[in-house]
1. For the ranges 142-149, 88-95, what's the packing order if you count other beta-carbon atoms within 10 Å of each residue, average per peptide, and put the highest first?
2. Convert each backbone phi in the range 92-97 into a coupling constant with the Karplus relation 6.51 cos²θ - 1.76 cosθ + 1.60 (shift: θ = phi - 60°), then list the ³J(HN,Hα) values in order as whole Hz, x for Gly and Pro.
3. For n ≥ 4 DSSP H runs only, could you compute -39500 (n - 2.57) per run for the chain, divide by its residues and tell me the 222 nm figure to the nearest 500?
4. Pick out, from Leu172, Asn59, Ile192, the residue whose Cα sits farthest towards the positive end of the charge dipole of the chain, with +1 on the Cβ of Lys and Arg and -1 on the Cβ of Asp and Glu.
5. Excluding same-chain residues fewer than 8 positions from Lys117, which lysines have a Cα within less than 27 Å of its Cα?
6. So which trypsin sites (Lys or Arg not before Pro) in the range 176-215 are both in a DSSP loop and have at most 16 other Cβ atoms within 10 Å of their Cβ?
7. Mind checking which lysines have their C-alpha under 26 Å from Lys207, skipping anything on the same chain fewer than 8 residues away?
8. Rounded to the nearest 10 Å², what accessible area does Ser160 have for a 1.4 Å probe in the complete protein model?
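The values are calculated or read from the model by the stated rules, or taken from the named source; none is laboratory data. Keep in mind the model is a prediction, meaning the values are calculated, not measured. For neighbour counting, all protein chains shown are included, and Cβ atoms are generated from backbone atoms with ideal geometry for every residue, glycine included. When the accessible area is computed, the model is the full protein with side chains, heavy atoms only, and any ligands, DNA or RNA have been set aside. Shrake-Rupley method; radii C 1.70, N 1.55, O 1.52, S 1.80 Å.
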Amino acid sequence: MTFLSKALTILSFSIFCTTLNPVHADTFKASLPEMMLDKKGNPSEFLDVVYLWGKVLNNDINIDYYPFKRSVLNIISKQADFHFPLIKNPYKSNSELGFDYSSAVITQVNFVLYTRKDHPIDVDNLSAYKIATDASHTDLFNFPVEGIFSIDGALKKLNSGRIDGYIFSEDLTDNALKQLRLTNIHRQLYRIYDVHAILPLGGQGNKTDQMISEAQAIITASPEYEEVAKKLYSPYNEWQFN
């Protein structure tokens, strides 16, 4: 066998091995909220997109789960490359928050205003009422809101008249509303918020940001991942209890 033949044989074998055991292009450390795990400790379908970011660009994404606030602090303290998901705050700058948002909007979330049918309120003057939201999302509003940890507790408080309105995620709150069967509750779309990954502040997450943007563009453009997109966001669904 000639030197050239040997070289070509070695090259062909190397390519074959690389196909079997692909070399990761880059490695990233993801900090994700453990609230996104199901009761068995498996990641929810919502998080499929994070695993796909690694798959479509052949990156190695090492994932650890933490309590939500701790996960965000991991980004502020630069102990991880990104956290997902987080609603973009329309009222605070990145420097105030201590992190940057990904350039790509990964998905959106519908926030719904829940009120009582027998006590309508002026949606253009919500500051005049006693409004509540989830305790972790009080900074998403430019008027005073009460933070309540339990969705069930908030809806019961609304139904009894102790608050005038409750604003939170459509999917989570609708599920609770249907289980409680509080037929006096009226619902209407309040706002559609953008959802991003968050990165270390000051451009230190630029490499990660580029990875997420490229991977998300591939996923969005590919019919193969259409089902993933459907799991990420559904348009607002108008319905009321009769």
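1. Sorting 142-149, 88-95 by mean packing, highest first, produces 142-149, 88-95.
2. So the Karplus estimates, Gly and Pro as x, are 10, 7, 4, 5, 5, 7 Hz.
3. So the helix-based figure for the chain works out to -10500 deg cm²/dmol.
4. The one lying farthest along the dipole's positive direction is Leu172.
5. Cα-Cα hits under 27 Å: Lys130, Lys156, Lys157, Lys178.
6. Passing sites in the range 176-215 are Arg181.
7. Lys29, Lys55, Lys69, Lys78, Lys88, Lys92
8. Looks like 70 Å² after rounding.
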